[in-house]
């Protein structure tokens, strides 16, 4: 079985996502959630759940202008991130082949769910305690 080759357009999209800085996207995340009545604290809780980063590390990555490639290399991705499914930006997350692009879309999806008013317990998949 041979590995699938990505089309040049798909490859360039993946490269563009990898080179985007977290700092360039972060203000848009904040604006999106606050516009819908959610808080920066909730946004940070979502980022922490996905990446393991605390507030200080999030700020450090913003200050360093870390690319998404660096951002996710430093992250300890939550094992339940694989439970994040659905469509974001016109792509079904579970079908995205490039691991970094999939991780960025995980973050996009979580931010989108937060902005849409979804309960934190549902956004943070598998984090609620059993009752």
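The values are calculated or read from the model by the stated rules, or taken from the named source; none is laboratory data. On a predicted model such as this, the values are computed, not experimentally measured, just so you know. Neighbour counts are summed over all protein chains in view; Cβ atoms, including those assigned to glycine, are modelled from backbone coordinates with ideal geometry.
Quick look at the numbers
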{"read-out": "Close pairs (6 angstrom Cβ cut-off, 6 or more residues apart or separate chains): touching a residue at least 24 places away in the same chain (Cβ under 8 Å) in region 10-34, crowded, with 16+ Cβ neighbours inside 10 Å and outside any helix (DSSP H, G or I) anywhere", "value": "14/98; 19/67; 21/67; 22/66"}
{"read-out": "Residues of region 18-39 that turn out to be assigned to a helix (DSSP H, G or I), within 16 Å of the chain's Cα centre (by Cα) and surrounded by 13 or more Cβ atoms within 10 Å (Cβ to Cβ), as a count", "value": "9"}
{"read-out": "Some residue of region 115-123 being within 24 Å of residue 16 (Cα to Cα), out of contact with any helix residue (DSSP H, G or I) (no Cβ under 8 Å at 6 or more places or on another chain), without any contact (Cβ under 8 Å) to a residue 12 or more places away in the chain and surrounded by fewer than 19 Cβ atoms within 10 Å (Cβ to Cβ)", "value": "no"}
{"read-out": "Given (1) buried (at least 16 other Cβ atoms within 10 Å of the Cβ); (2) on the phi > 0 side of the Ramachandran plot, index of the condition residue 126 fails", "value": "(1)"}
{"read-out": "Residue match in region 94-108 (condition: within 15 Å of the chain's Cα centre (by Cα), outside any loop (DSSP other than H, G, I, E, B) and surrounded by fewer than 16 Cβ atoms within 10 Å (Cβ to Cβ))", "value": "yes"}
{"read-out": "Search result, residues across region 46-88 that are in contact (Cβ under 8 Å) with a residue 12 or more places away in the chain, touching a helix residue (DSSP H, G or I) at 6+ places or on another chain (Cβ under 7 Å) and within 20 Å of residue 117 (Cβ to Cβ)", "value": "46, 47, 50, 84, 86, 88"}
{"read-out": "Test: residue in region 90-97 that is closer than 23 Å to residue 55 by Cα and at pLDDT 95 or above", "value": "no"}
{"read-out": "Leading residue by the ranking (farthest from residue 104 (Cα to Cα)) among those in region 40-80 that are in contact with a strand residue (DSSP E or B) (Cβ under 7 Å, 6 or more places away or on another chain) and crowded, with 16+ Cβ neighbours inside 10 Å", "value": "66"}
